[in-house]
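The values are calculated or read from the model by the stated rules, or taken from the named source; none is laboratory data. This is a predicted model, so every value here is computed, not measured. For neighbour counting, all protein chains shown are included, and Cβ atoms are generated from backbone atoms with ideal geometry for every residue, glycine included.
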Amino acid sequence: MNAPLNPEQLRSFTPLNVLSEQQWRELRRQLVPQPLLAGQLLFRHGEQTGLTYYLLAGELLLQTADGQQQRLLAGSAASCHPLSPSLLRLHEVRAATDASLLAVDTATLDRLLTWRLAYQDLLLELGQKHADVEWLERLLQNPLFAKVPPSNVSSMLERLQRIELAAGTTLLREGESGACCYFLESGRAEVIRGAGSEQQVLAELEVGACFGEEALLADRPRNATVTLLEEGVVLRLARQDFFSLLKAPVVAEVSLGEAARLLAAGSQWLDVRLQEEYERGHASESLHMPLQLLRLKARLLDRARTYLCYCDSGKRSASAVFLLAQLGYTAYVLRDGLDVLPAVQRDALLCESGSGYLARSGGRTERSG
């Protein structure tokens, strides 16, 4: 297999040339030249694919639906732009000579470009102040920031308190109250629940991770212990700043009526209550993922699907939506939870009892009992 191309080899391609070094690293596995033999068809007119193509070497023949033809030569000004980039291809493209192409996932590229263009002014401003722009880019790659306006991010950065910590430091302790959340600027941290033989490692946090937010969203004690595995730096964000700058734009709420419309369009209920609560009564075909296990089980969900989270008060489901946003899922919270629903609506919603439904690998849904 050919070696991946480096950024310098791709600087002439638009709009790839606006991506950052961090974003190039994310695309690295896709930056591999693909051969196309003379006479071989790349795609037909009207075809829809999820790839964006660039010509690296050789010559292509492009033909429109009415038979008009043009040749595209690698290295020309026209070859610096994507091939027939519309959703439905406007050309049939075939190799006139042996050629080499770059194929990049269109959805990934769109996400990176949208992020880059939204935050480029902020990154430029911080770079002029000699701030650690690379760390900020890693932080902002967290999918939850796709929903946070740049002005909120700027305000958040001004309010963060930087704390240096030694390896082995326990920053959060299970059962304690929470008045803030944190971002990991450097080092590694471990998330653990329970003690002794009941101890369970939930996750190892990477640079840019947000943690400690669940206690704020649920207004409950910390549900896990976070310890630094090596020397590191964290940034502390106070409760009120978290709510106004991050929660408000990230945790979207829906009414029961709005949820019904989303369900009709293919969304699914996600019950984040305890097992006993779920078994007593749950929404029709709702998946069950208790909040305390969601970080572990979320990988089983379908990224192409929208999830509607519910619990009694709405606080646990708000935590679930915030966590799912960080993991790149689309989710909404049932506004104010089940407790505010009239008895008739609540009984109609929680119409099933028993062990219910579980998510399996690949987003499949199975009856658990």
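Just so you know, in segment 1-55 the residues that are among the aromatic types (Phe, Trp, Tyr) and out of contact with any Lys or Arg (no Cβ under 7 Å at 6 or more places or on another chain) include one that is farthest from Cys80 (Cα to Cα), and it is Trp24. Arg116 passes every criterion in (1) of a type in the set (D, E, K, R); (2) out of contact with any Ser or Thr (no Cβ under 7 Å at 6 or more places or on another chain); (3) not in a loop (DSSP other than H, G, I, E, B) apart from (2).
Name the residues in segment 52-70 that are out of contact with any Leu (no Cβ under 7 Å at 6 or more places or on another chain), surrounded by fewer than 18 Cβ atoms within 10 Å (Cβ to Cβ) and touching a residue at least 40 places away in the same chain (Cβ under 8 Å), would you? If the condition is that a residue be out of contact with any Leu (no Cβ under 7 Å at 6 or more places or on another chain), surrounded by fewer than 18 Cβ atoms within 10 Å (Cβ to Cβ) and touching a residue at least 40 places away in the same chain (Cβ under 8 Å), then Ala57 is the only one that fits. Scanning segment 286-313 for residues that are in contact (Cβ under 8 Å) with a residue 24 or more places away in the chain and in a loop (DSSP other than H, G, I, E, B) yields a count of 10.
Within segment 185-227, the residues that satisfy the criterion of being part of a loop (DSSP other than H, G, I, E, B), touching a helix residue (DSSP H, G or I) at 6+ places or on another chain (Cβ under 7 Å) and in contact (Cβ under 8 Å) with a residue 60 or more places away in the chain are Val207, Gly208, Asp219, Asn223.
Take the residues in segment 355-369 that are surrounded by fewer than 13 Cβ atoms within 10 Å (Cβ to Cβ) and touching a helix residue (DSSP H, G or I) at 6+ places or on another chain (Cβ under 7 Å), then tell me which one is modelled with the highest pLDDT. Ranking the candidates gives Arg360 first.
Checking the condition surrounded by 23 or more Cβ atoms within 10 Å (Cβ to Cβ) and charged (D, E, K, R), which residue from Arg299, Arg316 passes?
Working: Arg299 fails: surrounded by 23 or more Cβ atoms within 10 Å (Cβ to Cβ).
After applying the criteria, what remains is Arg316.
Scanning segment 228-285 for residues that are among the hydroxyl-bearing types (Ser, Thr, Tyr) and assigned to a helix (DSSP H, G or I), we see that the one that is nearest to Phe211 (Cα to Cα) is Ser244.
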